[in-house]
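See structure below.
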């Protein structure tokens with residue numbers, strides 16, 4: 001029998017998280033192909049003498065399925081069709097990327113293009129070109145982001161606290177949903193209240209079955225809708241219990257109550273449901289996007305969505321998901337750009353999938369950033385989750401990119417969570433929906449997730465929802481209850497959302513509210529990108545917000561931190577002269593040691609480090625002598641200076657941050673004997689060993705060199721900012737006019 | 001300032017009026033004229049389909065919630081016969097909702113052609 005076990009290198013590679021993901025061989029018969037399947041039609045558009053479409057994308061009108069027919073009747077600007085359909089694919093693709101061709105011109109042309117035409121043109125764009133195209137083509141100038149706020153128990157108090165938290169972090173839309181359909185009304189109310197506690201003008205939706213979602217909207221309990229799903233094949237559309245006409249009516253129904261809505265599509269869903277008709281993922285999505293425009297929806301959520309992992313499994317899948325979003329923008333619609341359903345177990349891969357979209361900027365970078373814990377996300381884990389909020393904020397800072405989020409300070413979030421949970425408790429009591437125990441409220445405020453709330457009762461949201469529906473509670477009642485319970489600010493905020501339904505300004509493409517309740521949309525905040533120096537650029541207070549993360553530290557922060565460990569341990573004995581004792585080993589310490597810096601990067605006190613070095617020398621029968629070197633921050637020169645003053649000719653150099661070496665008087669500054677370069681990981685035992693080796697060198701032996709404590713940590717990422725500050729502090733302590741000084745160390 | 005479907009101005013819909021119990025959802029629902037005006041804005045911003053949607057919506061403002069929900073249900077696959085859809089369209093025409101009526105007539109033809117209407 002032969003041993004079939006792979007070699008160690010491959011065993012190691014196999015164990016990496018990316019290998020938990022599924023990768024499919026392209027298979028056109030299953031629709032597992034990103035772009036340009038053999039069965040994708042050649043683009044065509046034929047009109048009769050009366051201006052009616054008689055053929056589209058290779059199919060005669062008599063053979064049109066429901067989707068073809070709706071697009072042909074409503075979706076195309078036939079006055080530009082001849083022009084755009086005749087345009088060479090690469091020529092069109094170049095115009096999309098060309099900063100000298102205005103967005104409006106691309107919008108004009110795209111309006112006449114059939115799904116197959118756009119699918120083919122966009123398949124020409126490479127990744128970097130998609131970034132530029134997206135930067136230019138998105139509708140709203142200012143990017144934004146959407147959060148998921150859900151939990152396993154539909155706990156109203158936690159929903160409110162988490163909605164307030166999401167609003168505090170800058171999300172301008174919040175989407176909730178339910179594990180238990182009957183809980184939907186309670187979730188809508190709790191999230192709306194929480195969002196209003198967190199910020200002005202946050203839009204809220206509750207994603208449930210179409211009719212119930214509309215009902216919640218009509219009662220004012222939510223302020224927008226998104227779960228209006230459309231599909232690229234007739235079979236799947238009907239399986240979804242809808243037609244383009246029923247969706248068109250639904251679209252109008254929302255607008256008739258003054259509510260924003262968008263439709264949801266997303267490539268790969270047809271393949272997932274086994275009816276892709278041998279078409280490519282991207283072509284079927286092109287049909288969805290054309291249909292969305294034909295329906296009169298202001299926007300689309302797409303880019304994989306629930307089938308993101310299907311797109312992700314085929315070659316070019318991430319590129320096709322991004323191209324889906326770009327196609328929405330070219331149809332002059334709001335783009336809510338996926339990055340919601342988790343499409344990889346690998347942090348590298350999921351970041352890679354999002355990053356080009358993040359740097360281009362979209363109307364909503366995530367169509368559901370899981371602002372809560374993964375296990376509490378009732379849509380399933382998101383591409384980005386609560387554990388990634390700091391990462392996302394820091395990515396914004398790294399790239400000077402506005403991804404829609406902002407930092408929030410812990411005391412502020414704690415206060416908002418308390419107010420949100422209390423507001424829901426008081427309103428539910430006022431409306432006779434529920435009575436919450438104090439212990440539940442306190443657990444919800446502190447909770448990082450629903451597992452931290454053993455006091456939650458699963459029947460409470462169900463019962464509250466039943467009462468909301470039976471007694472026809474509307475948002476007007478919720479506003480009245482908030483006001484009566486002393487939450488006038490939040491009552492005013494939710495009333496302002498109701499006023500917005502009367503104004504109708506947020507029915508326009510890509511509308512959100514800023515925190516003064518101004519509408520920002522295609523109409524009021526149009527994207528005007530035309531190359532460097534144009535378009536959106538974070539500036540002023542927003543730039544300061546992006547740049548300021550809670551983890552940042554300054555030199556003065558570090559100085560304060562060091563001062564907290566200050567002690568009076570060193571006394572200057574006098575100017576250091578040339579030693580003559582052959583057992584003497586000098587320890588040169590940097591100028592800030594025990595003056596401005598008392599703690600090394602590994603968290604040891606400089607006194608303890610010196611004790612270890614001295615003890616190591618003593619073990620070898622040597623005598624340590626501490627000398628402060630006042631004229632240099634360079635460790636090599638510190639060590640060499642100490643060696644030259646040392647009776648044995650051997651010296652140890654020690655910077656206050658903990659970096660240490662052994663030097664000899666006849667060597668050049670950079671050619672030391674042994675060096676501990678990774679100060680953050682040096683332990684007391686290693687300092688003692690360094691002392692021992694220095695003693696052995698002093699006695700003329702050749703000791704076994706010490707091994708630096710390397711690890712797989714990003715040591716430099718962790719400590720380099722501190723190093724910069726510590727070196728700056730060292731410099732302020734230099735006194736070149738004073739020569740080396742002998743120090744006495746006291747405990 | 002905007003006027004709601006009820007004819008009331010939003011400036012008059014305040015916390016004070018809510019405290020007095022004088023506000024209903026009708027006072028915070030959009031007026032058809034506002035939707036017609038917003039349709040013009042959509043048209044000017046290169047989206048005639050959004051404009052058409054807003055014009056259909058203007059018609060639906062005058063139809064009660066439960067009827068709108070019932071119309072949506074009627075348009076779902078296999079729920080209505082072709083004749084029922086045509087009758088619905090006719091009644092909408094009578095209620096000065098011609099755009100919505102046209103949409104439903106179109107659906108009736110398409111459903112008949114593709115065989116997704118309820119069998120009579």
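Quick check on my filter: what residues within segment A:262-291 are within 14 Å of chain B (Cβ to nearest Cβ) and part of a loop (DSSP other than H, G, I, E, B)?
Residue satisfying the conditions is A:262 alone.
Looking at A:162, A:89, A:183, A:154, which one is more than 15 Å from residue A:325 (Cα to Cα) and without any contact (Cβ under 8 Å) to a residue 40 or more places away in the chain?
That would be A:89, the only listed residue that is more than 15 Å from residue A:325 (Cα to Cα) and without any contact (Cβ under 8 Å) to a residue 40 or more places away in the chain.
Among the residues of segment A:472-483, what is the count of those that are at the interface with chain B (Cβ under 8 Å from one of its Cβ atoms) and in contact (Cβ under 8 Å) with a residue 40 or more places away in the chain?
The qualifying residues number 3.
Considering each residue of segment A:218-261, count those that are buried (at least 24 other Cβ atoms within 10 Å of the Cβ), more than 8 Å from chain B (Cβ to nearest Cβ), assigned to a loop (DSSP other than H, G, I, E, B) and out of contact with any strand residue (DSSP E or B) (no Cβ under 9 Å at 6 or more places or on another chain), and give that number.
Number of matching residues: 2.
May I ask you to list the residues in segment A:684-698 that are farther than 10 Å from residue A:585 by Cβ and either over 47 Å from the mean Cα position of the chain (by Cα) or not assigned by TED's automatic domain parsing to the domain that holds residue A:603 (or both)? Can you show your working first?
Start the filter on segment A:684-698 by keeping residues that are farther than 10 Å from residue A:585 by Cβ, which leaves A:684-690, A:692-693, A:696.
If the condition is that a residue be farther than 10 Å from residue A:585 by Cβ and either over 47 Å from the mean Cα position of the chain (by Cα) or not assigned by TED's automatic domain parsing to the domain that holds residue A:603 (or both), then A:692, A:693, A:696 are the ones that fit.
Any chance segment B:20-35 includes a residue that's more than 9 Å from chain A (Cβ to nearest Cβ), more than 19 Å from the chain's Cα centre (by Cα) and part of a helix (DSSP H, G or I)?
No, segment B:20-35 has no match at all.
Taking segment A:362-374, which residues are out of contact with any helix residue (DSSP H, G or I) (no Cβ under 6 Å at 6 or more places or on another chain) and under 22 Å from residue A:312 (Cβ atoms)?
A:362, A:364, A:366, A:367, A:368, A:369, A:370, A:374
Name the residues in segment B:44-94 that are in contact (Cβ under 8 Å) with a residue 12 or more places away in the chain, within 24 Å of residue B:112 (Cβ to Cβ) and not in a helix (DSSP H, G or I), would you?
B:77, B:78, B:79, B:80, B:81
Can you tell me which residue is surrounded by the fewest Cβ atoms within 10 Å (Cβ to Cβ) among those in segment A:54-90 that are away from chain B (no Cβ under 13 Å) and in contact with a strand residue (DSSP E or B) (Cβ under 6 Å, 6 or more places away or on another chain)?
A:54
Only one of these is touching a helix residue (DSSP H, G or I) at 6+ places or on another chain (Cβ under 8 Å), at pLDDT 95 or above, within 14 Å of chain B (Cβ to nearest Cβ) and more than 24 Å from residue A:516 (Cα to Cα): A:493, A:469. Name it.
A:469
Take the residues in segment B:62-83 that are on the phi < 0 side of the Ramachandran plot and surrounded by fewer than 16 Cβ atoms within 10 Å (Cβ to Cβ); name whichever of them is nearest to the other protein chains (Cβ to nearest Cβ).
Here the answer is B:73.
Taking the stated definitions as given, is residue A:264 at pLDDT 95 or above, touching a helix residue (DSSP H, G or I) at 6+ places or on another chain (Cβ under 9 Å) and under 20 Å from residue B:104 (Cα atoms)?
It is false that residue A:264 is at pLDDT 95 or above, touching a helix residue (DSSP H, G or I) at 6+ places or on another chain (Cβ under 9 Å) and under 20 Å from residue B:104 (Cα atoms).
Assuming residue A:481 fulfils every condition listed in (1) assigned by TED's automatic domain parsing to the domain that holds residue A:424; (2) assigned to a helix (DSSP H, G or I); (3) within 27 Å of the chain's Cα centre (by Cα) apart from one, which condition is it?
(3)
Go through segment A:1-17 and give me each residue that's assigned to a loop (DSSP other than H, G, I, E, B), surrounded by fewer than 10 Cβ atoms within 10 Å (Cβ to Cβ) and modelled with pLDDT of 95 or more.
Listed by number, the residues that qualify are A:7, A:15.
Restricting to segment A:459-471, count the residues that are assigned to a helix (DSSP H, G or I) and without any contact (Cβ under 8 Å) to a residue 24 or more places away in the chain.
2
Given the criterion at pLDDT 95 or above, touching a helix residue (DSSP H, G or I) at 6+ places or on another chain (Cβ under 6 Å), surrounded by fewer than 21 Cβ atoms within 10 Å (Cβ to Cβ) and within 8 Å of chain A (Cβ to nearest Cβ), identify the matching residue among B:57, B:46.
Of the residues listed, the single one that is at pLDDT 95 or above, touching a helix residue (DSSP H, G or I) at 6+ places or on another chain (Cβ under 6 Å), surrounded by fewer than 21 Cβ atoms within 10 Å (Cβ to Cβ) and within 8 Å of chain A (Cβ to nearest Cβ) is B:46.
The values are calculated or read from the model by the stated rules, or taken from the named source; none is laboratory data. Keep in mind it's a predicted model, so treat the numbers as computed, not measured. Note that we place each Cβ from the backbone using ideal geometry, even for glycine, and neighbour counts take in every protein chain shown.
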